[in-house]
Amino acid sequence: MLSREDVIAARATPPGSGAIAVVRISGPGALTVADKVVSRPLSDCNSHTAHLRNLVDADGSFDEALAVVFKGPKTYTGDDTVEFSVHGSEYIVHRLLKALFNAGARPAEAGEFTFRAFFNGKLDLAQAEGVADLIAADSAASHRAAFHQLKGGVSKDIEVLRQELIRFAALIELELDFGEEDVEFAGRSELREMLNNTTTAVRALMQTFETGNAIREGVQVVLAGRPNAGKSTLFNLLLQEDRAIVSDIAGTTRDSLEDRLIIDGIRFRLIDTAGIREATDTIEKLGIERTFRHISGGALTLLVFDLVSSTKEELAKDIAEIRAHTGMVICVGNKLDLTGRNENEVYAFWNDFLQQNGASAFVSVSGLNEAHREHLKGLLRGLVATDDLDSDKSMVTSLRHFHALQKSEQALVLVMQALDNGLSGDLLASDLREALNALGEVTGQVSNEDLLDYVFSKFCIGK
């Protein structure tokens with residue numbers, strides 16, 4: 001870990017020319033450094049005030065900037081901080097940064113400002129991760145989950161569980177201190193009730209991960225099927241743009257294409273894949289192998305088939321092959337306009353057979369019908385749990401948090417087994433400590449240097 005006594009500096013806005021750019025410095029000596037690059041000192045200014053200053057270096061004045069002064073500890077990082085809003089020229093930004101480095105600052109590492117906030121007790125680790133998620137949020141649902149985490153929603157739930165475990169762990173430890181007197185400070189029936197309640201609460205948080213992770217990463221939807229079934233046509237229809245090449249020639253798509261689709265504030269990651277069939281060459285074979293890798297990693301698969309030419313035998317085989325790699329398969333019968341039948345007739349012919357063979361649902365569409373786009377979007381939206389999205393309850397969006405909760409749950413199960421078997425208090429205490437440590441990993445109350453490096457390395461520089 002880098003020194004927390006240094007003054008760090010970085011741009012806080014993306015590279016590129018614009019109206020303004022923001023350069024941020026922070027650290028115990030930030031005001032001293034800032035005074036060396038401005039025409040009049042900032043160190044004697046009140047906290048949380050803005051001041052117009054000329055920026056200067058060894059070659060003279062080079063811009064007029066708005067400098068906002070924040071004096072610790074009531075700052076984002078907990079240290080003195082100055083933010084310079086300059087004209088958005090790359091030349092000006094680079095010259096200001098060079099001046100700050102010459103004045104005693106050093107370049108900030110990725111996430112180092114937020115790490116300072118964590119170290120100084122302004123944020124816990126889960127909240128810090130919420131900052132990164134908030135910056136990356138590109139949908140209403142991912143923004144809402146990240147903002148809830150940043151405001152401490154997950155942390156508060158974890159802390160309630162920790163405090164309950166700490167209370168009983170302390171009583172068990174006290175029993176061990178008075179082992180010779182055979183004194184029982186922690187009632188076993190009360191401990192059992194607490195364990196049941198805590199384990200239930202941990203499992204409830206774990207159950208939100210599937211939805212939470214999908215919101216954070218985007219719900220992966222794979223369009224699969226035989227060549228010339230119309231996968232690329234549906235891909236383009238949903239995106240409302242010509243992203244994939246559409247042709248009557250079978251096997252046009254030999255690689256996968258990915259794009260995002262926002263439906264009611266939820267991000268879906270659509271992947272158009274190579275057609276499933278016996279490959280005719282090495283390139284096509286690689287494309288089909290990639291198709292099944294995407295299917296294995298996706299939340300659901302839209303199995304697209306041609307309503308005119310497909311047979312039930314083919315569909316049964318395709319569903320079985322896809323179900324071997326994933327759980328949810330939605331069958332999408334395409335080219336409805338070429339069948340000469342209406343939707344009800346097509347549904348009656350296919351639905352029972354497809355569901356008997358493992359399909360989760362069936363819908364018939366025409367890839368050329370704009371109205372069917374909304375129908376497909378409604379189908380996709382309906383597959384994402386609504387209760388978790390529409391409530392203010394905490395949601396686990398991070399795989400790291402899920403694994404920590406999983407470890408805690410396993411330790412709590414061992415505590416319950418030890419109680420059932422009448423094992424000694426030292427074994428109970430050991431497993432309770434393990435459960436506590438696992439919960440503490442979520443908020444950073446239990447952490448190590450490698451964990452912190454891993455978390456903050458994912459941040460952008462300047463945050």
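The values are calculated or read from the model by the stated rules, or taken from the named source; none is laboratory data. Everything quoted here is computed from the prediction, not taken from an experiment. Neighbour counts are summed over all protein chains in view; Cβ atoms, including those assigned to glycine, are modelled from backbone coordinates with ideal geometry. These accessible areas exclude ligands, DNA and RNA; they are computed on the full protein's heavy atoms, side chains included. Shrake-Rupley method; radii C 1.70, N 1.55, O 1.52, S 1.80 Å.
Brief remarks follow.
- Filter result (surrounded by fewer than 17 Cβ atoms within 10 Å (Cβ to Cβ) and either touching a His at 6+ places or on another chain (Cβ under 9 Å) or not in a loop (DSSP other than H, G, I, E, B) (or both)) within the stretch 37-59: ARG40, THR49, ALA50, HIS51, LEU52, ASN54, VAL56, ASP57
- Test for GLU83: is it within 16 Å of ARG11 (Cα to Cα) and among the charged types (D, E, K, R): yes
- With respect to being assigned to a loop (DSSP other than H, G, I, E, B) and at pLDDT 85 or above, ALA224 falls outside the description.
- Pair list, Cβ under 8 Å, 6 or more apart: the stretch 315-335 residue in contact (Cβ under 8 Å) with a residue 12 or more places away in the chain and of a type in the set (Val, Ile, Thr), other residue open to solvent by less than 10 Å² (accessible area, probe 1.4 Å) and in a helix (DSSP H, G or I): ILE319/LEU354; ILE322/ILE295; THR326/ILE295; VAL329/ILE319; VAL329/ILE322; VAL332/LEU234; VAL332/LEU376
- Single residue of GLY340, GLY327 found to be surrounded by fewer than 21 Cβ atoms within 10 Å (Cβ to Cβ), modelled with pLDDT of 85 or more and in a loop (DSSP other than H, G, I, E, B): GLY340
- Residues (surrounded by fewer than 19 Cβ atoms within 10 Å (Cβ to Cβ), of a type in the set (S, T, N, Q) and modelled with pLDDT of 90 or more) located in the stretch 382-411: GLN406, GLN410
- Whenever a residue of the stretch 40-55 is touching a residue at least 40 places away in the same chain (Cβ under 8 Å) and within 23 Å of VAL93 (Cβ to Cβ), its partners that are small (Gly, Ala, Ser) and surrounded by 13 or more Cβ atoms within 10 Å (Cβ to Cβ), lying with C-beta atoms within less than 9 angstrom and at least six residues away or across chains, give the pairs LEU42/ALA34; LEU42/ALA67; LEU55/ALA65; LEU55/ALA67; LEU55/ALA99.
- Residues (over 30 Å from ALA110 (Cα atoms) and open to solvent by 20 Å² or more (accessible area, probe 1.4 Å)) located in the stretch 420-463: ASP420, ASN421, GLY422, LEU423, SER424, ASP426, LEU427, SER430, ASP431, ARG433, GLU434
- Count of residues meeting criterion [open to solvent by less than 30 Å² (accessible area, probe 1.4 Å) and farther than 16 Å from LYS393 by Cα] in the stretch 199-223: 8
- Checked against the criterion of being in contact with a helix residue (DSSP H, G or I) (Cβ under 8 Å, 6 or more places away or on another chain) and at pLDDT 90 or above, the candidates GLU164, GLU112, GLU90, GLU173 yield just one match: GLU112.
- Hey, ARG116 more than 29 Å from the chain's Cα centre (by Cα) and of a type in the set (Lys, Arg) or not: no
- Failed criterion for ALA244 (all others in (1) in contact with a Gly (Cβ under 9 Å, 6 or more places away or on another chain); (2) open to solvent by less than 30 Å² (accessible area, probe 1.4 Å); (3) in a loop (DSSP other than H, G, I, E, B); (4) modelled with pLDDT under 85 hold): (1)
- Taking the criterion of being under 28 Å from the mean Cα position of the chain (by Cα) and open to solvent by 50 Å² or more (accessible area, probe 1.4 Å), the only residue of the stretch 69-87 that qualifies is TYR76.
- Some residue of the stretch 18-36 being within 19 Å of GLU112 (Cα to Cα), open to solvent by 40 Å² or more (accessible area, probe 1.4 Å) and either aromatic (Phe, Trp, Tyr) or not in a strand (DSSP E or B) (or both): yes
- Scope the stretch 354-372; condition of a type outside the set (Gly, Ala, Ser) and either within 20 Å of GLU321 (Cβ to Cβ) or modelled with pLDDT under 85 (or both); matching residues: LEU354, GLN355, GLN356, ASN357, PHE362, LEU368, ASN369, GLU370, HIS372
- Applying a threshold of 7 Å to beta carbon distances and a minimum spacing of six or more residues, or different chains, the list of pairs starting in the stretch 351-366 at a residue that is surrounded by fewer than 17 Cβ atoms within 10 Å (Cβ to Cβ) and ending at one that is part of a helix (DSSP H, G or I) reads PHE353/LYS312; GLY358/ILE319; GLY358/ALA320; GLY358/ARG323.
- Test for GLU64: is it under 29 Å from the mean Cα position of the chain (by Cα), open to solvent by 30 Å² or more (accessible area, probe 1.4 Å), within 21 Å of VAL93 (Cα to Cα) and at pLDDT 95 or above: no
- Only one of GLY251, GLY187, GLY152, GLY179 that is at positive phi and either over 24 Å from the mean Cα position of the chain (by Cα) or modelled with pLDDT under 85 (or both): GLY251
- Only residues that are closer than 15 Å to LEU302 by Cα and in a loop (DSSP other than H, G, I, E, B) were counted across the stretch 358-383, and they come to 7.
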